[in-house]
Amino acid sequence: DGSGETKKRKSRWADDEPKPIIQLPDFMKDFAQGIDTDPEIQLLNARLLEISKILQAGVQLDDRPEGARSPSPEPVYDNLGIRINTREFRARERLNKERQEIIAQIIKRNPAFKPPADYRPPKLHK
Amino acid sequence: QQQIALQRLMLQPTSGAASKVLCLTQVVSEDELRDDEDYEDILEDMRTECEKFGELVNVVIPRPNPNGEPSPGVGKVFLDYVDAEGASKARAGLNGRKFGGNQVVAVFYPENKFHQQEYDG
């Protein structure tokens with residue numbers, strides 16, 4: 001349906017096609033509707049979008065010059081020889097962690113929420 | 001089914017995030033907005049469709065700067081309704097629908113920001 005640009009005077013709005021992903025039984029609708037309009041979920045979603053953007057664009061780091069920051073620790077490498085205690089790495093980890101937590105919260109409030117493909121539910125530690 | 005859900009929604013106490021201003025994100029592309037004719041068409045399509053939910057005060061569609069500088073809010077459409085009822089009806093009715101092939105996301109937008117013409121957000 002990507003050929004919409006040819007017909008000029010036809011509205012760009014697609015026909016109103018009410019196509020619920022899952023048809024909920026009546027008594028469930030209040031519940032589902034509430035979830036969708038829950039301001040807290042809106043907020044979580046907004047933050048999630050923000051984090052995804054930052055992760056995609058590259059993490060903004062503290063831009064003080066080397067000398068003004070605390071001295072760097074000795075490098076630590078993982079078993080592939082990649083240094084893992086860089087500032088980039090930590091900042092990224094932090095955002096990823098927040099992202100996972102937000103997704104977990106959204107799922108808790110709305111079990112029908114479809115998490116992104118790369119989301120892994122948090123491991124339950126003993 | 002939307003109608004029923006909608007009426008129930010309106011009976012609920014209005015949530016804190018509700019606003020008379022609705023923002024449709026990921027709706028239009030920068031290229032479309034550069035073209036005057038396309039822009040007018042989009043504006044008209046928006047007015048016609050969005051009036052169905054309530055009386056509109058204003059429709060704002062930020063356009064890209066001709067000099068190529070980044071311009072806030074490009075790609076979004078702001079709908080200023082006379083009352084919050086229109087905005088929330090529109091939100092329920094427009095969210096998830098397709099406009100020019102893009103799936104519309106409708107969110108309330110802070111009124112004060114809108115009136116100060118701050119469209120980034």
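Structure above, values below:
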{"item": "Options B:Leu6, B:Leu33, B:Leu24, B:Leu43: the member that is more than 13 Å from the chain's Cα centre (by Cα), open to solvent by less than 30 Å² (accessible area, probe 1.4 Å), modelled with pLDDT of 90 or more and closer than 25 Å to A:Ala14 by Cβ", "result": "B:Leu33"}
{"item": "All positions within region A:46-85 that are open to solvent by less than 100 Å² (accessible area, probe 1.4 Å) and closer than 24 Å to B:Thr25 by Cα", "result": "A:Ala46, A:Arg47, A:Leu48, A:Leu49, A:Glu50, A:Ile51, A:Ser52, A:Ile54, A:Leu55, A:Ala57, A:Gly58, A:Val59"}
{"item": "In region B:60-79, residue farthest from the other protein chains (Cβ to nearest Cβ) [restricted to those that are more than 19 Å from A:Gln42 (Cβ to Cβ) and in contact with a strand residue (DSSP E or B) (Cβ under 6 Å, 6 or more places away or on another chain)]", "result": "B:Val60"}
{"item": "Residues that are in a loop (DSSP other than H, G, I, E, B), modelled with pLDDT of 90 or more and open to solvent by 50 Å² or more (accessible area, probe 1.4 Å), drawn from region B:68-109", "result": "B:Val82, B:Asp83"}
{"item": "Selected residue [more than 9 Å from chain B (Cβ to nearest Cβ), more than 30 Å from B:Leu43 (Cβ to Cβ) and modelled with pLDDT of 85 or more] from A:Glu93, A:Glu50", "result": "A:Glu93"}
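The values are calculated or read from the model by the stated rules, or taken from the named source; none is laboratory data. Everything quoted here is computed from the prediction, not taken from an experiment. Virtual Cβ from ideal backbone geometry, glycine too; neighbours counted across all protein chains shown. Accessible surface is based on the protein model in full, side chains and every heavy atom, while ligands, DNA and RNA are left aside. Shrake-Rupley method; radii C 1.70, N 1.55, O 1.52, S 1.80 Å.
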